[in-house]
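Report on the structure given below.
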Amino acid sequence: MKNLRKLREEQKISQKKLADNLGLAQPQIHGYETGAYEPEIAMLKEFANFFQTSIDYIVGHIDIKQRIEHTEGFALNKTEAALIEKYRKLNNNAQNGIMNMIDTLLENAK
């Protein structure tokens, strides 16, 4: 819970105000922040939703504050994987050029 206090202080929210927003008592927030006790999963979800972050960030497993969004997986063949690998090595200008070229090719294919 090492990042709970950090998030609360960054948003300039008192323990009391956070507790009121989540239907808790202020001593519970203090207990979570000091490690006296740990919240259940449902409460961790509430914290994550309140601060628009992930449970992993709140408990200190990752340093990325942004909420982790669900992504769809793709099964890439070797050629597709090689294209993505090369694309990622390009600077932003070159990546934009590639995207424009692909858009033009798709328009011409109609």
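The values are calculated or read from the model by the stated rules, or taken from the named source; none is laboratory data. None of the values given here were measured: they were computed from a predicted structure. When we count neighbours, we look across all protein chains shown, and the Cβ atoms used for this are built from the backbone with ideal geometry, even at glycine. Ligands, DNA and RNA are excluded from the accessible area calculation, which covers all protein heavy atoms including side chains. Shrake-Rupley method; radii C 1.70, N 1.55, O 1.52, S 1.80 Å.
For the chain, the Cβ-based charge dipole about the Cα centre amounts to some 300 debye (Lys, Arg positive; Asp, Glu negative; other atoms uncharged).
If the elastic network links every pair of Cα atoms under 10 Å, which of Lys65, Lys12, Lys45 fluctuates the most in the Gaussian network model of the chain? Maximum among the listed residues: Lys12.
Just flag the GluC sites (Glu not before Pro) in the stretch 67-110 sitting in loop per DSSP whose Cβ has no more than 10 other Cβ atoms within 10 Å.
Values: sites: Glu69, Glu72, Glu80, Glu85, Glu107; in loops: Glu69, Glu72.
Here the GluC sites (Glu not before Pro) that fit, given the DSSP loop and packing criteria, are Glu69, Glu72.
Based on alpha carbons, the Rg and Dmax found for the chain are 21.9, 65 Å.
At a 1.4 Å probe radius, carbon and sulfur cover how many percent of the accessible area of the chain?
Details: 4470 of 8490 Å².
On the chain, the fraction of accessible area on carbon and sulfur atoms equals 53 percent.
Determine which lysines satisfy two conditions relative to Lys2: a Cα distance under 27 Å, and not lying fewer than 8 residues away in the same chain. Hits, sequence-local ones excluded: Lys12, Lys16, Lys17, Lys45, Lys65.
Of the residues Ile58, Ile41, Ile98, the one that moves most in a GNM of the chain with alpha-carbon contacts below 10 Å is Ile98. In the context of the full set of protein chains, the chain has a per residue accessible area of 77 Å² (1.4 Å probe).
Karplus-derived 3J(HN,Hα) values for the stretch 39-48, using 6.51 cos²θ - 1.76 cosθ + 1.60 with θ = phi - 60°, are x, 6, 4, 4, 6, 4, 4, 4, 4, 4 Hz; glycine and proline are entered as x.
Pop the C-beta distance of Ala82 and Ile102 into the FRET formula with R0 = 22 Å and round what comes out to the nearest 0.05.
Details: r = 16 Å, r/R0 = 0.72.
The computed FRET efficiency comes out at 0.90.
For the stretch 11-59, the set of GluC sites (Glu not before Pro) satisfying both a DSSP loop assignment and a count of at most 15 other C-beta atoms within 10 Å is given as Glu40. The relative contact order of the chain, computed from alpha carbon pairs under 8 Å that lie at least 6 residues apart in sequence, is 20 percent. What residue among Leu24, Leu83, Leu44 has the largest mean-square fluctuation in a Gaussian network model of the chain, using Cα springs under 10 Å? Comparing Leu24, Leu83, Leu44 in the GNM, the peak value goes to Leu83.
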